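First up is the structure itself, then whatever we jot down about it.
Only the coordinates and a few stated rules stand behind these numbers; no lab work does. Note that this is a predicted model, so its numbers are computed, not measured. We place every Cβ from the backbone using ideal geometry, glycine too, and count neighbours over all the protein chains shown.
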Amino acid sequence: MPLTSSERNELRKALESLVEELDAALAGSTESAQPVELDPPAVGRVSRIDAIQQQKMIEAHRRAQQSRLQLARSALRRLDEGEFGDCMGCGDEIGRARLEARPESLYCIGCQTARERP
């Protein structure tokens, strides 16, 4: 069943909130993603390795956030263009429950599952 106007408005609010949240998180983690200085003599080798590992984890998390932000902004554009809620794989409607959980979703559960299989 197609989304109602009220459901679309709720999903728009959720997407706008997600965009704001991700923008803020990315802005707040910019400093943490800076390269680790390797020169300070007070920092031992293990501490430097830990710092580098932590930086790599932060970078991976930032990339995931940037990707989700791009998907959320794309979903808002699709909402404006009247194409929101249609699966990019099969063309069927994406289930409302899925859109409520992940409003930036491009694929229905069936197509997403197929894409994730090796």
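Can you tell me the dipole magnitude for the chain around its Cα centre, using point charges on the Cβ only (Lys, Arg +1; Asp, Glu -1), in Debye to the nearest 20? Please list the in-between numbers first.
Working: 17 positive and 20 negative charges, 74 e Å.
I would put it at about 360 debye.
For the pair Asp92 and Ser67, a Förster radius of 25 Å applied to the C-beta separation gives a FRET efficiency near 0.55, rounded to the nearest 0.05.
Working note: 222 nm ellipticity from helices only, DSSP H runs with n ≥ 4, each -39,500 (n - 2.57), summed and divided by the residues of the chain, gives -21500 deg cm²/dmol to the nearest 500. Between Glu59 and Ala25, the distance separating the two model label sites (each 7 Å from Cα on the Cα→Cβ line) works out to 2.0 nm.
The residues neighbouring Met1, those whose beta-carbon lies less than 9 Å from its own, together hold a net charge of 0 under the Lys/Arg +1, Asp/Glu -1 convention.
Among the GluC sites (Glu not before Pro) in region 68-111, those located in a DSSP loop and surrounded by at most 11 other Cβ atoms within 10 Å of their own Cβ are Glu83. Here is the short version for the chain: Cys90, Cys111 have no other Cys C-beta closer than 4.7 Å.
Quick one: net charge around Asp86, please, counting Lys, Arg +1 and Asp, Glu -1 for every other residue with C-beta under 12 Å from its C-beta.
Values: positive: Arg78; negative: Glu81, Glu83, Asp92, Glu93.
Net local charge, Asp86 excluded: -3.
Taking a sphere under 14 Å around the Cβ of Ala64 and counting the other residues whose Cβ falls inside, with K and R at +1 and D and E at -1, yields a net charge of +2.
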